[in-house]
Each structure stands twice: as structure tokens, then as C-alpha cells.
Amino acid sequence: MRPPAARETAGEGARPPTGQPGAHTWEDHRAQPDAHGQLPLGYAHVDIDRERRQGVPEVVYGPGKSVGQIRGIVASLLTNNRGPVLVTRVEKDTAVAVTDALPGGHYEAAARLLVWRPAPPGPSTSSS
């Protein structure tokens with residue numbers, strides 16, 4: 001039996017990464033979700049059912065993730081959800097590498113935020 005930390009990091013039944021250690025491809029999103037709507041990618045468990053349950057998909061916290069990991073997580077959210085996909089606290093070089101592989105994303109430098117399929121603006125609350 002593996003220690004719990006290894007199970008949480010690697011994911012039950014996760015495929016080993018391809019290529020060199022820590023290397024992942026954006027195609028990792030082709031894994032199958034478990035009964036709870038979690039998509040085990042080997043380096044992350046993506047909650048692809050959150051959009052149905054909460055009305056918005058999961059937001060990706062960027063720090064500590066490689067470009068390949070961010071690509072895999074974003075690709076899984078783009079494939080399995082219809083709403084916006086957000087990656088927070090992303091540096092510009094990471095954003096460029098991710099959007100080169102996954103077109104349609106936009107980088108907001110001031111916010112360090114990567115966005116695909118942004119939500120339309122809501123009704124104005126200002127009184128004119």
C-alpha cells in the first residue's frame with residue numbers, strides 16, 4: 001500500500017508521465033472521470049463536475065504547476081465544460097507557452113490571469 005501522500009499526488013490508477021520525469025502533455029485530459037466527477041490526470045484531480053453542481057467550472061491555481069500541467073488541466077476543463085476557464089497567478093512566459101498550445105486564451109498581465117471563454121459582463125449596477 002502506498003502512503004496517502006503518494007495516492008493524492010499520483011492519483012489512483014493514473015498513467016505515469018510520458019517522456020522525462022515531470023513531463024506531461026496537454027493530451028492528458030483524455031483520462032476518464034471517476035464516479036465523483038474528478039478527472040485524475042496523475043498530477044492533479046480536476047473537478048469537471050463543478051460547473052454542473054455550482055454553476056461555474058473549477059478555477060486553476062497556477063503557482064507550482066508546470067506549463068504541461070496547466071495545459072492538461074485547462075484542456076480538460078475546455079473539453080468537459082462550457083463556461084469560462086481561469087488560471088490564476090500566472091507569469092507571462094508561462095501564459096505564452098500555455099496559449100501557444102491552447103489557442104483562444106487571453107492573458108491579463110495586471111491580474112496575472114489566463115482566461116478562455118470569458119463570461120459576458122453582467123448588468124450594470126451603476127445609477128446614471
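Between ALA97, ALA119, ALA110, which is at pLDDT 95 or above and either among the aromatic types (Phe, Trp, Tyr) or part of a loop (DSSP other than H, G, I, E, B) (or both)?
Every option except ALA110 fails the conditions.
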Check your understanding: Of the residues ASP34, ASP28, which is over 14 Å from the mean Cα position of the chain (by Cα), at pLDDT below 90, farther than 24 Å from ARG112 by Cα and not in a strand (DSSP E or B)?
Key -> ASP34
Practice item. Consider ALA10 carefully, then state whether it is more than 25 Å from THR99 (Cα to Cα), over 11 Å from the mean Cα position of the chain (by Cα) and modelled with pLDDT under 90. Key: yes
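Residue-by-condition table, conditions (1) within 21 Å of GLY42 (Cα to Cα); (2) buried (at least 18 other Cβ atoms within 10 Å of the Cβ); (3) small (Gly, Ala, Ser):
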residue: ILE73; (1), (2), (3): yes, yes, no
residue: LEU78; (1), (2), (3): yes, yes, no
residue: ALA95; (1), (2), (3): no, yes, yes
residue: PRO103; (1), (2), (3): no, no, no
residue: ARG112; (1), (2), (3): no, no, no
residue: PRO123; (1), (2), (3): no, no, no
Exercise for review: Select from the range 45-66 the residues that are part of a loop (DSSP other than H, G, I, E, B) and among the acidic types (Asp, Glu) and write down the one among them that is modelled with the highest pLDDT.
Suggested key: ASP49
Check your understanding: Got a number for residues in the range 70-110 being without any contact (Cβ under 8 Å) to a residue 12 or more places away in the chain and of a type in the set (A, V, I, L, M, F, W, C)?
Key -> 2
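The values are calculated or read from the model by the stated rules, or taken from the named source; none is laboratory data. Here the structure is a predicted model, which is why all the values come from computation and not from measurement. Note: ideal-geometry Cβ built from the backbone for every residue, glycine included; neighbour counts use all protein chains shown.
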